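The values are calculated or read from the model by the stated rules, or taken from the named source; none is laboratory data. These figures come from a predicted structure and were not determined experimentally. Using ideal geometry, Cβ is built from the backbone for each residue, glycine included, and neighbour counts are taken over all protein chains shown.
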Amino acid sequence: MNLTVLQVFYAVFSGVIEGFAIANELIPYGSPFLALFCLAPLYMALYKSNSYKESFVIFFIQVLTVHLISSYWLANFHGFAAFTLGASAAGTAFQGGLMGILAFAYPSTIKKNKKLEEKSGTDCYFLFKKMLWFTCIWVLFEYEKSVGAMGYPWGTLSMAAYNWKIFTQIADLTGVYGITFMYALFSCLFAEGIELIPSNARQRALTHYRQALAFTFALFAAAGLYGIIQTLMPRTPEKYFNAVLVQQNVDPWETGDKDSIEISKKLTDEGINSFQKEGKDTDLVVWSEGVLSKNFPGARFFYSRFPEEEPLQQYIAKKQVPFLIGGMTKVNNKKRHFANSAILFDREGSYSGFYSKIQLVPFAEKIPFYENPLMNRFMKKVVGFDSTLTSGFQYVLFKVPLKTHIPELPPLDTGHKLFESIELDRTGLANQDKTNLYINGAAPNPDTYLSFTTPICFEDAFPSVCRNLYKMGSELFLNITNDSWSKTRSAEIQHFIVASYLATEFRTTLVRCANSGYTVILDPAGKTVAGLPLFEQGVLSQSIPIYARKNTIYAMYGDWFVVIITLFVMSYLLYVLYGIWQPYLLKKLKDSKTAVIIIPEENDEDVIAPEPKPITDSAAEKNSKKTAKTSVGKKSSKTAK
């Protein structure tokens, strides 16, 4: 491996630019401008590599740098810095290194004569193929690191792109990976431009660069035009939902939940009173993730007596409002499986059910292979961390009534089957039950209630989870979270930015209720409707607009864009493998068609003679004559000598 200092510098420099392009303490919401150029040094380093090892190392260094700069706050996780930051950094960087190996598949096939063709401009597609390959690999890397049980969708180009919303509106078509594609492609274009400056490239090569430039700018122009249309498009709410969102701002590591409950009750009173002053009724009160520490459903008896001054159940019954509160559930008593849950209480304070978090935080909420005795011992003895949660077992849709809506008959086109028959009985009379369907409707009036789902904590960064929740009929995503342990504004904003794409991807309202921030409401274009300051106690009483559900391309087909890119990359890899194995296969085929005849020498003792066939009398006479002639010939030759 002949890795140069310049290549290492390029990798580190690329990581630093991308790290600062993502939301940080200096640039609170990140810099889309820096994101346009951040991968250019890595692109240049890749095409200067001479081996798969070099490619692995430069990708490893770049990804490690980004992770340490953008996710340094992981070190604040309750004294487990070496594990939460160190292990996650090593794991993420290793993923990047593996993707670097894949990235070198195309550069490895570039020969010197190809590079000369590029300089002279005879291969008009060479430059664009380089750009497209790198861009596709980077999209696959961000996808691969963002999905699955070990997924960590932080440190991505889409996070850095947040502030330029006209270019992020394509998320309802391609998800965030279309945004990544555009920004990565621009970095490649910029890198190729730098490479052309000192070179003696011919006019034809410059023409090909201009063509790549035109394509890239056309892509941004199309995305920008689509974004302007989506941003300026008038959207009329179908109904409003009066919610009280409580931001407690309490220490997440404190033992017990009495202080947290009392603070939440105080803020709730303020929020409900605020609505009452406006002549409005409250439809739902929301407390953030992890407020209640006792395990449900058994804890329903505990909170009927606790806190002693005014038990929680009694308090809710007094308010006559449903509550959604973050807490714990024991989902399997025998195996002692516990889950992080969103618990619904009716207006009398009675426990109604829960949704448990499906996508758990790796190494924080769920330890991989924890059942293995070796892993169990390592986590307890070495790391000092021995708690693990279990994933939720079902997707849940919550429905609550809207008090502010005047009850009326539902629309008659709601809830009916596509094919139906209306029949009279044998006496010619109607079936009254079926007739009522065409008088009172076949389903409850959707304007009198709200259907919502509750992705918990960083589940709002996983469209795979939220897509299933949305398909259940969700009219609103209501996220409860607790990031206060991070103790940094950048961590709170990063989480918000990742979550904000949900509103755009599904064109629906997103509500976030957090312990210390960011408690916020977003409309279907991803624009902020209202929010609370970070790391402050507060309450947000808001009439939240609810819009008609829309089946976006992304909602219907998911990560189809990534699938296409994956097929493209796999097809090229198969082509490369075929090129490598083709000479060997042709040689094998040629050898199999060639007949080889071995004639043993006269004195070769190793040769085993075949068993003689029976000889007839006539054949024996012929053989004896031949033998005689042969012996005579040999004698005459000796005499001559």
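Listed here are the helices (runs of 4 or more DSSP H) enclosed by the range 1-98 that have at least 2 residues being of a type in the set (D, E), surrounded by 23 or more Cβ atoms within 10 Å (Cβ to Cβ) and assigned by TED's automatic domain parsing to the domain that holds W253, and there are none.
Table: residues versus (1) closer than 30 Å to G148 by Cα; (2) within 39 Å of the chain's Cα centre (by Cα); (3) of a type in the set (S, T, N, Q).
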site: L402; (1), (2), (3): no, yes, no
site: L409; (1), (2), (3): no, no, no
site: K434; (1), (2), (3): no, no, no
site: G441; (1), (2), (3): no, no, no
site: P446; (1), (2), (3): no, yes, no
site: L450; (1), (2), (3): no, yes, no
site: I456; (1), (2), (3): yes, yes, no
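Of the residues examined, G178 is one that is touching a residue at least 40 places away in the same chain (Cβ under 8 Å) and out of contact with any His (no Cβ under 7 Å at 6 or more places or on another chain). Applying the condition of being in contact with a Pro (Cβ under 8 Å, 6 or more places away or on another chain) and at pLDDT 95 or above to the range 147-175 and asking which residue is surrounded by the fewest Cβ atoms within 10 Å (Cβ to Cβ) yields N163.
Of these, S451, S490, which one is among the hydroxyl-bearing types (S, T, Y), surrounded by fewer than 24 Cβ atoms within 10 Å (Cβ to Cβ), touching a helix residue (DSSP H, G or I) at 6+ places or on another chain (Cβ under 8 Å) and in the same structural domain as S288 (by TED's automatic domain parsing)? Lay out the reasoning, then the answer.
Values: S451 fails: touching a helix residue (DSSP H, G or I) at 6+ places or on another chain (Cβ under 8 Å).
One residue alone meets the criteria, S490.
Contact annotation: residue pairs with Cβ atoms under 7 Å, 6 or more positions apart or on different chains, pairing a residue in the range 1-26 that is without any contact (Cβ under 8 Å) to a residue 40 or more places away in the chain with a partner that is not in a helix (DSSP H, G or I), are I17/C38. For the range 494-504, the tally of residues that are over 10 Å from N24 (Cα atoms) and in contact (Cβ under 8 Å) with a residue 60 or more places away in the chain stands at 5. Name the residue that is modelled with the highest pLDDT, counting only residues in the range 208-252 that are polar (S, T, N, Q) and under 21 Å from Y43 (Cα atoms). It comes out as T216.
Kindly indicate the residue of the range 496-541 that is of a type in the set (D, E) and either in contact with a strand residue (DSSP E or B) (Cβ under 9 Å, 6 or more places away or on another chain) or assigned to a loop (DSSP other than H, G, I, E, B) (or both) and also farthest from S486 (Cα to Cα) among those meeting that condition.
First, the residues of the range 496-541 that are of a type in the set (D, E): 505, 523, 536.
Narrowing further to those that are either in contact with a strand residue (DSSP E or B) (Cβ under 9 Å, 6 or more places away or on another chain) or assigned to a loop (DSSP other than H, G, I, E, B) (or both): 523, 536.
Numbers: D523: 27, E536: 15 Å.
Filtering the range 496-541 for residues that are of a type in the set (D, E) and either in contact with a strand residue (DSSP E or B) (Cβ under 9 Å, 6 or more places away or on another chain) or assigned to a loop (DSSP other than H, G, I, E, B) (or both), the one farthest from S486 (Cα to Cα) comes out as D523.
Restricting the first member to the range 481-493 and to residues that are farther than 13 Å from W154 by Cβ and aromatic (F, W, Y), and the second to residues that are at pLDDT below 95 and in a helix (DSSP H, G or I), the beta-carbon pairs closer than 8 Å and six or more apart or on different chains are W485/N76.
Of the helices (runs of 4 or more DSSP H) contained entirely in the range 188-304, those carrying at least 1 residues that are among the hydrophobic types (A, V, I, L, M, F, W, C), closer than 30 Å to V139 by Cβ and touching a residue at least 60 places away in the same chain (Cβ under 8 Å) fall at 203-232.
In the range 330-364, how many are under 23 Å from the mean Cα position of the chain (by Cα) and assigned to a strand (DSSP E or B)? Break it down stepwise before answering.
At the first step, the residues of the range 330-364 found to be under 23 Å from the mean Cα position of the chain (by Cα) are 339-342, 355-364.
Add one more test, that the residue is assigned to a strand (DSSP E or B), and what stays is 339-342, 355-356, 362.
Number satisfying all stated conditions: 7.
Taking the stated definitions as given, is E270 in the same structural domain as K403 (by TED's automatic domain parsing), touching an Asp or Glu at 6+ places or on another chain (Cβ under 9 Å) and either on the phi < 0 side of the Ramachandran plot or surrounded by 14 or more Cβ atoms within 10 Å (Cβ to Cβ) (or both)? For E270, the condition - in the same structural domain as K403 (by TED's automatic domain parsing), touching an Asp or Glu at 6+ places or on another chain (Cβ under 9 Å) and either on the phi < 0 side of the Ramachandran plot or surrounded by 14 or more Cβ atoms within 10 Å (Cβ to Cβ) (or both) - is not met.
Search the range 553-600 for residues being part of a loop (DSSP other than H, G, I, E, B) and either surrounded by fewer than 10 Cβ atoms within 10 Å (Cβ to Cβ) or at pLDDT below 75 (or both), and hand back the single one that is nearest to the chain's Cα centre (by Cα). I'd like the intermediate steps shown before the answer.
Restricting attention to the range 553-600, the residues satisfying the condition of being part of a loop (DSSP other than H, G, I, E, B) are 558-559, 594-600.
Narrowing further to those that are either surrounded by fewer than 10 Cβ atoms within 10 Å (Cβ to Cβ) or at pLDDT below 75 (or both): 594-600.
Numbers: T594: 54, A595: 57, V596: 59, I597: 62, I598: 64, I599: 67, P600: 69 Å.
So the residue we want is T594.
Among the residues here, P297 does not qualify as buried (at least 16 other Cβ atoms within 10 Å of the Cβ) and either in contact with a helix residue (DSSP H, G or I) (Cβ under 7 Å, 6 or more places away or on another chain) or modelled with pLDDT of 95 or more (or both). Identify, please: which residue in the range 346-369 is of a type in the set (A, V, I, L, M) and in contact (Cβ under 8 Å) with a residue 24 or more places away in the chain and is, among those, surrounded by the most Cβ atoms within 10 Å (Cβ to Cβ)? Of everything passing the filter in the range 346-369, L360 is surrounded by the most Cβ atoms within 10 Å (Cβ to Cβ). Scanning the range 137-155 for residues that are in contact (Cβ under 8 Å) with a residue 40 or more places away in the chain and under 18 Å from L68 (Cβ atoms) gives F141, K145, Y152, P153, W154, G155.
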